[in-house]
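Here is the structure we will look at, set down as structure tokens.
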Amino acid sequence: MKNIAIEQLFLKQLSEEPNDGSVTTDLLKELKEVNKGLTEELENIGKHYSNTSLFLETLFRRSHFDHGRLTLRTKTCNMKKDVVQPQLERYMEQFENSGITVDDRLSGIPDEEVISVVDIGLIAQVYANFFSNALKYTEEVVMHWGEKRKYMSYGHEVIRDFFGSGRDGIKYNVFTTGRHIPPEERSKIFEEGYRGSNKTVMPGTGHGLTFVKNAVEIHGGIVGYEATPYGNNFYFIIPRSDEPG
């Protein structure tokens, strides 16, 4: 607010200055840049606060401790706006610094709004875990036409009658380029405390994917992994119905 007041004073001085006003103009330009930076930083702090508050409320919810397990607080939400996008924004700068392109051209979620009934805090943490792993494990690959690519993609698809007749599922995907997880490890990656063969070079506790599994299963869904031509796809499938389970 102090900077804004000074900026307004400079504007007033500029209009009254008898000479060419070059000094005032330079100071005003610099001050505007400072104010722009402060505004952007305030926005970042606000986003960080919102995410931190959401995760703290979710992970330390009293009902979790009262019941001895994760509990749901579901509400209708826009999956892109309320869940995916805030987590993507948290990691975007780190993706860019690591040379990871976020390529969503083949995914449905950026162009299509999906309304679901979920516990926003828990599903947001699911995406946070997936994006965190993407940051660690995404590797450059050579596409079949010879181009080198290093990217992460996300999206969704509807699977008809996945949970039984008339009960569709929505499959949410997070794909990364890189080497496949060895076949002998794929059935264990969601187990508590399990670390893959790359554990000596990558930080982690082995609890993140177990949390993902638990959070998705109490929504009545399943988690999974699949190797694809250029990398690895982690996914979860939850009921499309208005209520989970």
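Worth a mention:
- Residues of segment 163-187 that turn out to be part of a loop (DSSP other than H, G, I, E, B) and aromatic (Phe, Trp, Tyr), as a count: 1
- Candidate set from segment 18-31 (those that are surrounded by 14 or more Cβ atoms within 10 Å (Cβ to Cβ) and not hydrophobic (A, V, I, L, M, F, W, C)); member that is modelled with the lowest pLDDT: Gly21
Every residue, every condition in (1) farther than 16 Å from Val126 by Cα; (2) at pLDDT 95 or above, yes or no:
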| residue | (1), (2) |
| --- | --- |
| Arg167 | yes, no |
| Arg186 | yes, no |
| Phe190 | no, no |
| Thr200 | yes, no |
| Gly208 | no, no |
| Gly224 | no, yes |
| Phe234 | no, yes |
| Ile238 | no, yes |
| Asp242 | yes, no |
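- Segment 119-161, residues that are within 22 Å of Cys77 (Cα to Cα) and in contact with an Asp or Glu (Cβ under 7 Å, 6 or more places away or on another chain): Ile120, Gly121, Ser153, Tyr154, Gly155, Val158, Ile159, Arg160
- Pairs where the first residue, in segment 205-226, is over 19 Å from Tyr154 (Cβ atoms) and the second is part of a strand (DSSP E or B), C-beta under 8 Å, 6+ apart: Glu217/Val223; Gly220/Ile238; Gly220/Pro239
- Pair list, Cβ < 6 Å and 6+ apart or interchain, from segment 2-16 residues that are surrounded by 10 or more Cβ atoms within 10 Å (Cβ to Cβ) to residues that are not in a helix (DSSP H, G or I): Leu14/Gly21
- Selected residue (criterion: surrounded by the most Cβ atoms within 10 Å (Cβ to Cβ)) from residues of segment 156-174 that are free of Cβ contacts under 8 Å to residues at least 60 places away in the same chain and on the phi < 0 side of the Ramachandran plot: Glu157
- Considering segment 111-131, and only residues there that are assigned to a strand (DSSP E or B) and crowded, with 22+ Cβ neighbours inside 10 Å, the residue that is modelled with the lowest pLDDT turns out to be Ser116.
- Scanning segment 137-159 for residues that are outside any loop (DSSP other than H, G, I, E, B) and more than 24 Å from Ser50 (Cα to Cα) yields a count of 12.
- So Glu40, is it farther than 15 Å from Ala215 by Cα and either assigned by TED's automatic domain parsing to the domain that holds Tyr154 or loosely packed, with under 13 Cβ neighbours inside 10 Å (or both): yes
- Residues satisfying the stated conditions in segment 44-89, i.e. surrounded by 17 or more Cβ atoms within 10 Å (Cβ to Cβ), under 13 Å from the mean Cα position of the chain (by Cα) and basic (Lys, Arg): Lys80
The values are calculated or read from the model by the stated rules, or taken from the named source; none is laboratory data. Quantities reported herein were computed from a predicted structural model and do not represent experimental measurements. Glycine gets a Cβ as well: all are built from the backbone with ideal geometry, and neighbour counts include every protein chain shown.
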